[in-house]
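Before any comments, here is the structure.
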Amino acid sequence: MRTHAPLLPYTIALWLGCTFGLNGVTALSYVFYTWLILGCWIAFGWKYSFTSLRMLLFLVCGFIGFGRSCLEIHNRPYPDGGFHLMTITSCKPLAVSHGENIYGYGRTEEVGKVAFIWPKQIKFPSSKLRALGKWEEFPPPSKYRSFDFRKYYESLGCRGVFKPAYTSEKALQLPKTFPELFRSKMASIIERAEVETPADGFLMGLSTGDKSMINREMKDLFANAGLAHLLAVSGYHVGLVGFIPLLLLRSRRREIRWIAMIGLMLIWAFIIACGSPWSAVRAGIMISVGCLSRWFGRSILPWQSLALAAWVVVWIDPWAPQQLGTQLSFAATAGILAVVSSPKWLILRIPIAAQSATMAWAASAFNQLPILFLPLNVLASLVVTLVGVLLGLGAGLSGVYPSLSNELVMIGGNVVNQCLVYLQRINDVIPLAYEIKSSQMYIVASVAVWGWLLSSTIPQMLARIISATAVAFVTLNLLDLLVNL
């Protein structure tokens, strides 16, 4: 399988331009990154020759990204410290109460997703309502506070802080959305099956992306084990939903391949029902491109479909490239695409590639690296597939054979609870994650890994230089550390 990506430099230019327009990078950094990419392209080639027309197209893509960010700023106002009327359409029920305020986040019709600093004397919303309050920038970091308020909420896609001063007495009588109806249906199915805690929260997260029933201890346990991706709807969940229907695409009979398109519609229905997180949208776009290309007898390179997904995501939400979840999704997918060209030992190579590709984020954002991620991910892929099948069959039979539906969902819940017990026992005996006190060397080490992962995508000489430079930096720092000891 060919792995080069002609759209990759143009996609990078679009993301850079958009991030620069939203003040995600400084002007000097933007010029440096653009110069660096063009320099590598000129010096090494990008599987196709560098021309002035392609350089112009690269710069145009950067301006397109900048223009899209300016359009976003014009249509959705920046926090200005003034009073605004917000229509809150969703909020997270697991808000944190601290001092005189309640902290949470949710979505508004006017400015998208925002962080809430909600006074306790005003009832925190459990349904849709209108609220008048201040629309402000994130508070600056404080040396007296270890929690980085801005970094956390920006990683969730929030664009500022809303502090309500008044809410309407009557909640908005808006019809329930498809995601709300789907989550309500799955919650009733899981509750009817009498699934015990904490498996009920995991099944809700697996099927709908709703993590509100998962407590902090369980989230930390999954993060330490390198299994946090199981709690967020991603390509793994999307592939699990459409696996069997999409197998029909391999048939040579046109009628059977038409049936396979039902699987594609099922995938997008699942993505929308889960609230359309960018990781799932990215997977849906890539699967759709692959299915349509196979349907019409054309060959689309996987890297091209990833680049196309990046274009769509950033055009819909220019803030997406700055969100931690989006970065992790695209980085892990890029690492996986770099190793799937060979079918041997994929069950081991895929988790290694995904974990290696996201090592910089794990080191800098979470200050930890999972130790047992490889065996746990291999086992988790088998267990989650089994649980997903049981849950899917149970949900499908809920209206026809309620008793059988309850049995299937209950079995899935029991399997999850048993696995969580064993995972907790392992954590009590062996630390699942290594705590990182200085993330610099791990970030540089991840650059070396990226050079290796992209050796079949970017010019081989460039990949070797990147890896060798990073390895040399880490080696010199280790020697300096040993000498000082």
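Do we have Ile88 as assigned to a helix (DSSP H, G or I) and either out of contact with any helix residue (DSSP H, G or I) (no Cβ under 8 Å at 6 or more places or on another chain) or at pLDDT 80 or above (or both) here?
So Ile88 does not fit the description; no.
Show me the helices (runs of 4 or more DSSP H) found entirely inside the range 311-379 where at least 2 residues are aliphatic (A, V, I, L, M) and surrounded by fewer than 17 Cβ atoms within 10 Å (Cβ to Cβ).
346-357
Out of everything in the range 24-44 that is within 23 Å of Ile73 (Cβ to Cβ) and surrounded by 12 or more Cβ atoms within 10 Å (Cβ to Cβ), what residue ends up being farthest from the chain's Cα centre (by Cα)?
Val31
Tally time: how many residues in the range 1-42 are within 9 Å of Gly62 (Cβ to Cβ) and either part of a loop (DSSP other than H, G, I, E, B) or modelled with pLDDT under 80 (or both)?
Total meeting the criteria: 0.
Please count how many residues of the range 450-468 are over 17 Å from Gly39 (Cα atoms) and in a helix (DSSP H, G or I).
Within the range 450-468, residues that are over 17 Å from Gly39 (Cα atoms) and in a helix (DSSP H, G or I) number 5.
Of all the residues that make up the range 396-416, how many are in a helix (DSSP H, G or I) and buried (at least 16 other Cβ atoms within 10 Å of the Cβ)?
Residues in the range 396-416 being in a helix (DSSP H, G or I) and buried (at least 16 other Cβ atoms within 10 Å of the Cβ): 10 in total.
Taking the conditions exactly as written (modelled with pLDDT of 80 or more and in a helix (DSSP H, G or I)), does Leu264 satisfy them or not?
yes
Mind listing just one residue for me: the one in the range 148-176 that is more than 23 Å from the chain's Cα centre (by Cα) and of a type in the set (D, E, K, R) and, of those, modelled with the highest pLDDT?
Across the range 148-176, the extreme among qualifying residues is Lys163.
Scan the range 272-311 for residues that are at pLDDT 80 or above and of a type in the set (Lys, Arg) and jot them down.
Of everything in the range 272-311, just one residue is at pLDDT 80 or above and of a type in the set (Lys, Arg), namely Arg282.
So which helices (runs of 4 or more DSSP H) stay within the range 177-244 end to end and still have 2 or more residues that are among the polar types (S, T, N, Q) and within 18 Å of the chain's Cα centre (by Cα)?
So the answer is 199-208.
The values are calculated or read from the model by the stated rules, or taken from the named source; none is laboratory data. Just so it is clear, the model here is predicted, and its values are computed rather than measured. Because the Cβ atoms are built from the backbone with ideal geometry, glycine has one as well, and the counts that use them run over all protein chains shown.
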